[in-house]
Structures are given as C-alpha cells and as structure tokens.
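Report on one structure; see the data block that follows.
The values are calculated or read from the model by the stated rules, or taken from the named source; none is laboratory data. Keep in mind it's a predicted model, so treat the numbers as computed, not measured. As a convention, Cβ positions derive from the backbone with ideal geometry for all residues, glycine included, and neighbour counts pool all protein chains shown.
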C-alpha cells in the first residue's frame, strides 16, 4: 500500500483518481489543486509520500514546472504525469525532466494501476 499525493486542478479528477487508488489499496495522503500548493505540500511532507500524480495543465505552476521543483526537493521522487494532452511535445519534456511515466485522460483503472504499480516497483 503506497501513500500518494494527487495534484490536479479539477476536483472531479482528484475524486476519480482517489477512488481508483483506493480500489488498488493505496492511500491518498495529500491533495493539491495548483502547482505552488503541490510544491509546498511536497516540501513539507515528502517523507510521507511514495508517489505523486501530477496534472500537466494546472494554475500557478504547470505540471512541468511543478515536476522540476519537486525533483529539486527530492531527486528520487516518483512522479506520474496525468494529461489530457498526449502529444509528444507535452509528455516528452516531462519524461526527460524526470517523470517516471504518464497516463492520458480519460483512463481506465487497469491503465492507472499498471502505470502506478510499474513506477512503485521499478
């Protein structure tokens, strides 16, 4: 069972991800609705977080900026990008910057489970 932080500006998406993670026996320990809150929360609690799901399009700091800041706090952070835009020019920079993987919205439980389990066990 992993402790996961979910970062997404769409409250509905946070609820969907949280529900799916619960089915996978993981616990959502923190939530953030914008990039700045995500960085602040991660900085304070990173010892209690096993994995972060991070939306690409968010207010205040976008997913890529947030990803880079989180990785300066903890270079070993396991981060999965969640995007409604699967184009390479969006996803590639995130993977190059240190994201472990990504899922594209809308996704099924099986897709999310596969990516999260792969990142947690990899």
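Please verify whether residue 98 is modelled with pLDDT of 95 or more and at positive phi, treating the condition exactly as stated.
So residue 98 passes the test.
May I ask you to list pairs of residues, at least six apart or on different chains, whose Cβ atoms are under 7 Å apart, with the first in the range 7-23 being more than 12 Å from residue 55 (Cβ to Cβ) and the second being surrounded by fewer than 16 Cβ atoms within 10 Å (Cβ to Cβ)?
Listed pairs, sorted by first residue: 20/109; 23/109.
Which condition number does residue 17 fail, the rest of (1) farther than 22 Å from residue 93 by Cα; (2) touching a strand residue (DSSP E or B) at 6+ places or on another chain (Cβ under 8 Å); (3) surrounded by fewer than 20 Cβ atoms within 10 Å (Cβ to Cβ); (4) at pLDDT below 95 being met?
All conditions are met except number (3).
Which condition number does residue 87 fail, the rest of (1) surrounded by fewer than 18 Cβ atoms within 10 Å (Cβ to Cβ); (2) touching a helix residue (DSSP H, G or I) at 6+ places or on another chain (Cβ under 7 Å); (3) at pLDDT below 95 being met?
Just one mismatch for residue 87, condition (2).
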